[in-house]
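Data block below; observations after.
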Amino acid sequence: MRTSSVRCLLAAMSALCITLVSCAPKPEAPTGEKKGLLVGFSQIGAESGWRTAETKSIREEAEKRGITLRFSDAQQKQVNQVTALNAFIAEGVDAIILAPVVKDGWEPMLKKARDAKIPVILVDRGVTVSDDSLYTTLIAADFVEEGRLAGEWLAKKTGGKCNIVELQGTPGADPAIERKKGFDEAIAKYPGMKIIRSQSGDFTRTNGKEVMEAFLKVDASNIQAVYAHNDDMGLGAIQAIREAGLKPGTDILVVSIDGEKDAFQAMVDGSLNATVECNPLLGPAAFDAVEAALAGKPLPKKTVVKSTLYDQSQAAEAIGGRKY
Ligand code: AHR
């Protein structure tokens, strides 16, 4: 073969090699190495200690797994959550974690996420939709059960006789609706237990205190117990009771939900009588769900996070182990 023909053949072979190399599939990431997921988290706000603990858990877990988190605080407004979800979809996140402030009004947004093939993991609160395939999974407590536990505890403590004032959560929110339902169901068995006043304190300590002050102004001598849909409102009510010259936990019983460390301290101090623990440390479960969804693994429609009631008799021993 002539030298020029050999040169041509070598050049053609090397061009072919370059083509083959550049078309070869990219090497897989070594086992155990994260591919660098991008996840959007639309959080309700920072209305309670519980909420702050949930945010921390999700942020920490994302960092631990090498996942980039886009975090958005909706300041208790659904409209802000819709804006956040639109931004997440426009950016092309791999998955969305949503803690929905209210139950209704999510269908159009969830349809948009589904059209974009982005799985939506609901944490802590549920939604009402005609088609539950619009979200991937829900990780939350059984709020009806929590209300029931609070109601049954109060019935036992008072022998089924007491006038109650209720501090409700955010109107339209899953825990506000369900915790009311469970409590109402429990006390319905006791004709001597009556809710004499009920109003929203929006899950905040400030509003809980304000609403309780208003209740005390008109009815102080008639109130024997407070049922607060979360600890922060319960702790606000305790302040109001004290400022009205009464002894919280003795003159007026207080039962709430969440199980925050502050609530355990109030039980140790004698001002709060009982709280139902509702675990906010949902980061690990939320990202397990994200990773399973992206790997195409089946997930249950709901994972129930266990809730447990604690009263003053258990508070001193349990307070040391509180993580939030
Ligand atoms: O959805 C859970 C509730 O929301 C918690 O009880 C409350 O503290 C929070 O704001």
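The values are calculated or read from the model by the stated rules, or taken from the named source; none is laboratory data. On a predicted model such as this, the values are computed, not experimentally measured, just so you know. Glycine also receives a Cβ, built like all others from the backbone with ideal geometry; neighbour counts cover every protein chain displayed.
Could you list, in sequence order, all residues of segment 221-261 that are among the polar types (S, T, N, Q) and within 20 Å of residue 173 (Cα to Cα)?
230, 256
For segment 288-324, give me the residue count where each residue is outside any strand (DSSP E or B) and in contact with a strand residue (DSSP E or B) (Cβ under 8 Å, 6 or more places away or on another chain).
10
So which residues in segment 43-63 are among the acidic types (Asp, Glu) and either near the ligand (Cβ under 9 Å from one of its atoms) or buried (at least 21 other Cβ atoms within 10 Å of the Cβ) (or both)?
Correct list: 47, 54.
What residue, among those in segment 251-280 that are without any contact (Cβ under 8 Å) to a residue 60 or more places away in the chain and within 13 Å of the ligand (Cβ to nearest atom), is nearest to the chain's Cα centre (by Cα)? Before you say what the answer is, go through the steps one by one.
Quick first cut of segment 251-280, residues without any contact (Cβ under 8 Å) to a residue 60 or more places away in the chain only: 251-252, 254, 263-272, 275, 277.
Next, only the ones that are within 13 Å of the ligand (Cβ to nearest atom) stay: 263, 275, 277.
Working: 263: 18, 275: 17, 277: 13 Å.
Checked segment 251-280; the qualifying residue nearest to the chain's Cα centre (by Cα) is 277.
Give, as residue ranges, the strands (runs of 3 or more DSSP E) completely inside segment 129-233 that count at least 1 residues that are away from the ligand (no atom under 13 Å from the Cβ) and more than 22 Å from the chain's Cα centre (by Cα). Give the derivation first.
Numbers: elements: 137-141, 162-168, 193-200, 225-228.
Once the strands (runs of 3 or more DSSP E) in segment 129-233 are filtered for at least 1 residues that are away from the ligand (no atom under 13 Å from the Cβ) and more than 22 Å from the chain's Cα centre (by Cα), what remains is 162-168, 193-200, 225-228.
Look at residue 211 and say whether it is in contact with a helix residue (DSSP H, G or I) (Cβ under 7 Å, 6 or more places away or on another chain), β-branched (Val, Ile, Thr), touching a residue at least 24 places away in the same chain (Cβ under 8 Å) and within 27 Å of residue 99 (Cβ to Cβ). Let's see the steps before the verdict.
Numbers: in contact with a helix residue (DSSP H, G or I) (Cβ under 7 Å, 6 or more places away or on another chain): no; β-branched (Val, Ile, Thr): yes; touching a residue at least 24 places away in the same chain (Cβ under 8 Å): yes; within 27 Å of residue 99 (Cβ to Cβ): yes.
The answer is no for residue 211.
Based on this model, can you work out whether residue 112 counts as in the same structural domain as residue 284 (by TED's automatic domain parsing) and either closer than 18 Å to residue 295 by Cα or touching a strand residue (DSSP E or B) at 6+ places or on another chain (Cβ under 7 Å) (or both)?
Against the criterion (in the same structural domain as residue 284 (by TED's automatic domain parsing) and either closer than 18 Å to residue 295 by Cα or touching a strand residue (DSSP E or B) at 6+ places or on another chain (Cβ under 7 Å) (or both)), residue 112 does not qualify.
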